[in-house]
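Here is the structure we will look at.
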Amino acid sequence: MSNKEVKAALKSAREAIRNKEYKEALKHCKAVLKQEKNNYNAWVFIGLAAAELEQPDQAKGAYKKAIELEPNQLLAWQGLANLYEKSSQPDVKGDLADVYQKLLQLYESGDKQKWCDVCNKLVELYHQEKKYLEAAETWQKLTQVKQEDGAEKAELHQLWKKMIRLLKDTAQNQDNKAEQLLLTAFENAVNSADPVPGEDHQNLYKDFIQCLSKSPHETVRLEKACNDMMALYPTVTYPLEVLCLHFVQSGTLSEEALQCFSRLLEMDASSGPGIIGCGIKCIQEKNYKEAVKSLTEGLRKTSQCPAAWHYLAEAQMKIHKHRDAVLSCNQALEALETPEGPSLHWKNLTLQLKAEALIKIADADAAEEAITALDQIVDASSDPVVLAVRGQAYLNKGLMDQAAKISQELLLSHPDLAESHALEGFIHYFQKNYEQAERSFLSAIERKAETAEYHQYLGLTYWFMSDETKKDKGKALTQFLKAAKLDSYLGSVFRYLGNYYRDIAGDKSRARGCYKKAFELDGTDEESGTAAVGLSMELGDMDTALSILNEVTEEASPGTAKWAWLHRGLYYLRTGQPSQAVADLQAALRADPKDSNCWESLGEAYLSRGSYSTALKSFRKASELNPGLVYSIYRAAAVEQILGKYENAIATYQQILKETEDYVPALKGLGECYLMLARSALDNYLDRK
């Protein structure tokens, strides 16, 4: 077959394909290949004809042979692309992407429109295969080509917006490259938007800022984007709110941050981030109660802010609301588990703070939970302060050996650390080695004199060391006063001051003031509340006593605050108000149904009210709970006497006298009962009775 005949056969094959006579085309091509086995066009036509005859393997082989012969010729690549596009087999997708890549190379210096068409197809393919980064990179090339060709601003804007859509939901789970592509797309889309300002542009800016806020390393870009948006949209609070939360999360409060908080609150007084910022400012100013109030309110509106929960826990610790602080730490840790909060720094800080709060609760279960929290801190073993906290947790759990081991290690490795000496002091204090405890606490104070707890424990050490140190004004009292001055929220130290003024100085008025302050700071401190009420009554200040009791009982839930109900009930009993006394004593018994003294007092209240049957039941209940309560047994007999049950009363009086021969009230009652029985006999003419 001559060269002329080869050309004629190829022409016939092309005509046959055009007329859809594919088998005929194959005959012509095979004839050509017998003469020229490396004829590119013959292989391409075989690929076309075989594809139409639904012989994909033969078509694929033919195209690949053609590509092998002429790798930079378009026809075979186009045919292979068409073949793969029509295929329903999932494994050809990867091959199709490679074919598109080659076509992009071949079209690059020629037909720009076809290059763009293939680019679109490749992006769509990558998107279907969830290869979002490759899709975005390809789309970026397309956008750059359009840009170089002088595309309109509006067209470029749409291209950047599509790139955002390709990456928006996936960049957080991809590598840094995808994130950077997304941010670049946002920047270009924001800058190419029209009109500005406008609603679409504003929403795009919000999405851009939201994306930046999720990228911990993009703080400079975030601040710039927020400031730029604020300049364009001065009445929109969103960028300012994001900026405020960014400052909160950063943990450093600059003058710029404080100005942001103030400006946001001026624009919207109910803004969550603004109120949170106000709370943090209160912490800086040591106004901890106001800080707790503001942070609590702000977090109701903006709950997914781990740093704000940490700040709230910190403020609660400062006012010694330790259980509340634990709950806030738990909220912070929960917020850190969300995709928005993967911050190791805040997690470690929060776990340490939670452990410290649990240690202040000071029971074995809380200590166990504290140890669990400390175990979760990354690199905890290298932080001596965290080790000291662990030592305290072991101490609270009663694991003295482990606590002592940590104490010894810290004193060797960090002898200048106040916490090392304080831990040693706590161990000696709980072992009642007061002289050694004194030395340790003095060493801790020497290194950190502003810690109220160290002064308080040194004061307690002197209190229990001996009568001399207890009474020495320069010892226990001085340390308690220093602790109170350093931490005016420390309720327990005011209780100890109350003890000193009441038991040592004999100053009831000053003692009452200290107890009252202690109770105001800690409403669960029954000892201080009871002492404040008792001293008020002794000083004849019934108004103060009642105001304390009324405040507690008003806020108490059923079954709580027994001491307050009991004291107020006794007050009403003494002042001749038996009905109120009955109500309060019943409330006290709901809190503790097994208190025999309370049952006895309730019996007295019923008796004063004239409710003899219920009084009798109350006295009997008291004596059942505590058979040693002679007075209750006697009062039960006296009530039976009033009710005319003389035989029962006599039996009870005799029971008392068997145990206590000279119990005068029982002797008197017994005599009266006999007299009443004699009088009754005379009235019935039973003289000899």
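Please find, among Leu625, Leu546, the residue that is open to solvent by less than 60 Å² (accessible area, probe 1.4 Å) and either within 46 Å of the chain's Cα centre (by Cα) or within 27 Å of Leu497 (Cβ to Cβ) (or both).
On the way: Leu625 fails: open to solvent by less than 60 Å² (accessible area, probe 1.4 Å).
Of Leu625, Leu546, the one residue that is open to solvent by less than 60 Å² (accessible area, probe 1.4 Å) and either within 46 Å of the chain's Cα centre (by Cα) or within 27 Å of Leu497 (Cβ to Cβ) (or both) is Leu546.
Here's the yes/no breakdown for (1) under 23 Å from Ala476 (Cα atoms); (2) among the aliphatic types (A, V, I, L, M); (3) touching a strand residue (DSSP E or B) at 6+ places or on another chain (Cβ under 8 Å):
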site: Ile359; (1), (2), (3): no, yes, no
site: Asp365; (1), (2), (3): no, no, no
site: Asp375; (1), (2), (3): no, no, no
site: Ala404; (1), (2), (3): no, yes, no
site: Leu411; (1), (2), (3): no, yes, no
site: Ala437; (1), (2), (3): yes, yes, no
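With the structure loaded, tell me whether Ile406 is in a loop (DSSP other than H, G, I, E, B) and open to solvent by less than 70 Å² (accessible area, probe 1.4 Å) or whether it fails that test. Don't jump to the end; show me each part of the working.
Numbers: in a loop (DSSP other than H, G, I, E, B): no; open to solvent by less than 70 Å² (accessible area, probe 1.4 Å): yes.
For Ile406, the condition - in a loop (DSSP other than H, G, I, E, B) and open to solvent by less than 70 Å² (accessible area, probe 1.4 Å) - is not met.
Step by step: first the residues of segment 242-253, then only those that are without any contact (Cβ under 8 Å) to a residue 40 or more places away in the chain and open to solvent by less than 50 Å² (accessible area, probe 1.4 Å), then the one that is farthest from Gly198 (Cα to Cα). Which residue is that?
Once the filter is applied, the top-ranked residue is Leu253.
Among the residues of segment 289-302, are any at pLDDT below 95, out of contact with any Gly (no Cβ under 6 Å at 6 or more places or on another chain), not aromatic (Phe, Trp, Tyr) and not in a helix (DSSP H, G or I)?
no
Mind listing just one residue for me: the one in segment 531-543 that is crowded, with 16+ Cβ neighbours inside 10 Å and not aliphatic (A, V, I, L, M) and, of those, nearest to Arg323 (Cα to Cα)?
At the first step, the residues of segment 531-543 found to be crowded, with 16+ Cβ neighbours inside 10 Å are 531-537.
With not aliphatic (A, V, I, L, M) added as a condition, the list becomes 534, 536.
Details: Gly534: 29, Ser536: 30 Å.
The qualifying residue nearest to Arg323 (Cα to Cα) is Gly534.
Scan segment 124-137 and give yes if some residue there is free of Cβ contacts under 8 Å to residues at least 24 places away in the same chain and open to solvent by less than 40 Å² (accessible area, probe 1.4 Å), otherwise no.
Among the residues of segment 124-137, not one is free of Cβ contacts under 8 Å to residues at least 24 places away in the same chain and open to solvent by less than 40 Å² (accessible area, probe 1.4 Å), which makes the answer no.
From the list Ser608, Ser579, exactly one residue is farther than 26 Å from Leu670 by Cβ, open to solvent by 30 Å² or more (accessible area, probe 1.4 Å) and at pLDDT 90 or above. Which is it? It would help to see each step written out before you state the result.
Details: Ser608 fails: farther than 26 Å from Leu670 by Cβ.
When all the criteria are applied, what remains is Ser579.
Search segment 549-575 for residues being under 17 Å from Leu602 (Cβ atoms) and β-branched (Val, Ile, Thr), and hand back the single one that is least open to solvent (accessible area, probe 1.4 Å).
Among those residues, the one meeting the criterion is Thr553.
Sort through Ala357, Ala335, Ala367 and tell me the only one that's more than 26 Å from Glu453 (Cα to Cα), surrounded by 20 or more Cβ atoms within 10 Å (Cβ to Cβ) and either out of contact with any Leu (no Cβ under 6 Å at 6 or more places or on another chain) or among the charged types (D, E, K, R) (or both).
Working: Ala357 fails: more than 26 Å from Glu453 (Cα to Cα); Ala367 fails: more than 26 Å from Glu453 (Cα to Cα).
Unique residue meeting the criteria: Ala335.
Among the residues of segment 498-530 satisfying the criterion of being surrounded by 22 or more Cβ atoms within 10 Å (Cβ to Cβ) and among the small types (Gly, Ala, Ser), which is farthest from Ser466 (Cα to Cα)?
In this case the residue turns out to be Gly529.
Please verify whether Glu155 is part of a helix (DSSP H, G or I), open to solvent by less than 60 Å² (accessible area, probe 1.4 Å) and at pLDDT below 85, treating the condition exactly as stated.
Working: part of a helix (DSSP H, G or I): yes; open to solvent by less than 60 Å² (accessible area, probe 1.4 Å): no; at pLDDT below 85: yes.
No: the conditions fail for Glu155.
Given Leu104, Leu159, which one is within 30 Å of Ile209 (Cβ to Cβ) and in contact with a Leu (Cβ under 9 Å, 6 or more places away or on another chain)?
Details: Leu104 fails: within 30 Å of Ile209 (Cβ to Cβ).
From the options Leu104, Leu159, the qualifying one is Leu159.
Name the residue, out of Ser613, Ser632, that is exposed (fewer than 13 other Cβ atoms within 10 Å of the Cβ), without any contact (Cβ under 8 Å) to a residue 40 or more places away in the chain and of a type outside the set (A, V, I, L, M). Explain how you work it out, then say what you get.
Working: Ser632 fails: exposed (fewer than 13 other Cβ atoms within 10 Å of the Cβ).
Unique residue meeting the criteria: Ser613.
Inspect all residues belonging to segment 474-491 and state whether any of them is over 21 Å from Asp525 (Cβ atoms) and surrounded by fewer than 16 Cβ atoms within 10 Å (Cβ to Cβ).
yes
The values are calculated or read from the model by the stated rules, or taken from the named source; none is laboratory data. These figures come from a predicted structure and were not determined experimentally. Cβ coordinates were reconstructed from backbone atoms using ideal geometry, including for glycine residues, and neighbour counts include every protein chain displayed. Side chains are part of the model used for accessible areas, which takes the heavy atoms of the whole protein and leaves out ligands, DNA and RNA. Shrake-Rupley method; radii C 1.70, N 1.55, O 1.52, S 1.80 Å.
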